[in-house]
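Student: First the structure, then my questions, so here it is.
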Amino acid sequence: MELFAVVNASPDSLNTDSIVTDAASALARARAMLAEGADGIDLGGQGSTDAATVVGWEAEWARLAEIVPALAVLGVPLSVDTWRPQVARRAIEAGATVLNAADGMQTDEMWAVAAEYEVPIVVPFLSGPNPREMAHVGADPVDTLVEFFEARLADADRFGLRRRCIIDPGTGFAPSNWAWEDRYRYQKIVYTNLSALRRFDLPLYIALPWKDTPQHWELMEIVVRQQPEYGRAHYPGKVRSLERELGVGAPCAE
């Protein structure tokens, strides 16, 4: 599994370990995460949870403007996590190499940016216009995901971008008013049915659990055993340790 380590330039991200404030702190975190086994970096400047204050795209970009080129120098895959085409465009021009589209690629404006710059596109499932407005996931979450990706890939076909898409079941974006037990059950259903998304013959990208509880570790193990092509991790070292424990993933070099 190719791991993207999380670097957050948003000051109100729930995982405080991932928060950086400038290019120097971003570089320090990125280097530490690469040393733990990450292959790339996922950088965001706008939190997507209810706890995050929504700022204008100019303020979001101001948080990223110095950090993107600094991280690009590392020479590893660098994704920008945003739902705004203005930010996506500027980040790619500054050195980002992957678009992690927090809007679920639900607008032609985002597809146009992806088409112009010819970058891989992480397409997460959403049941609303952006991750802060998730509405519902239907009686059968897996059917809902399949229907969503059928629609998004039809959009991708209009722009000739299907083969550049990477499918993300978006489990971190369950409706915000759900209690944890409901989120846990939902995520377990989705994770144990990732094979249903293989019908699209595209790589899978999973935002891996990061909290240290038995249920979060259970969910992590379900995902790691299935070896998706990509993962997004706050603590890549924990993921690599679990891969070794389970005997999955690429073998270590002698």
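Bear in mind these aren't lab numbers, they're just calculated from the coordinates by the rules spelled out. Remember, predicted model here, so these are calculated numbers, not experimental data. All Cβ positions, glycine included, derive from the backbone under ideal geometry; neighbour counts span all protein chains shown.
Student: What net charge is computed for the residues neighbouring Glu243, neighbours being all others with C-beta under 14 Å from the C-beta of Glu243, Lys and Arg scored +1, Asp and Glu -1?
Tutor: -2
Student: Here's another thing I want to ask about it. Taking the simple approach of a point 7 Å from Cα along Cα-to-Cβ for both Tyr117 and Arg185, what is their distance in nm?
Tutor: Placing both labels 7 Å along Cα→Cβ, they lie 4.1 nm apart.
Student: According to the square roots a ≥ b ≥ c of the eigenvalues of the Cα gyration tensor, what is the shape class of region 2-246, taking rounded for a/c under 1.5, prolate for a/b larger than b/c otherwise, and oblate for the remainder?
Tutor: Since a/c stays below 1.5, the shape of region 2-246 is classed as rounded.
Student: Taking the dipole about the Cα centre of the chain, with the C-beta of Lys and Arg at +1 and of Asp and Glu at -1, give me whichever of Ala65, Ala23, His216 is farthest to the positive side.
Tutor: His216
Student: Something else now. So what are the ³J(HN,Hα) numbers for region 76-88, from phi and the Karplus equation (6.51, -1.76, 1.60; θ = phi - 60°), rounded to whole Hz, Gly and Pro as x?
Tutor: For region 76-88, the Karplus-derived couplings read 10, x, 10, 9, 9, 9, 7, 10, 10, x, 5, 6, 4 Hz, x marking Gly and Pro.
Student: Once you charge only the Cβ atoms, +1 for Lys and Arg and -1 for Asp and Glu, what is the size of the charge dipole of the chain about its Cα centre, to the nearest 20 debye?
Tutor: Once rounded to the nearest 20, the dipole reads 260 debye.
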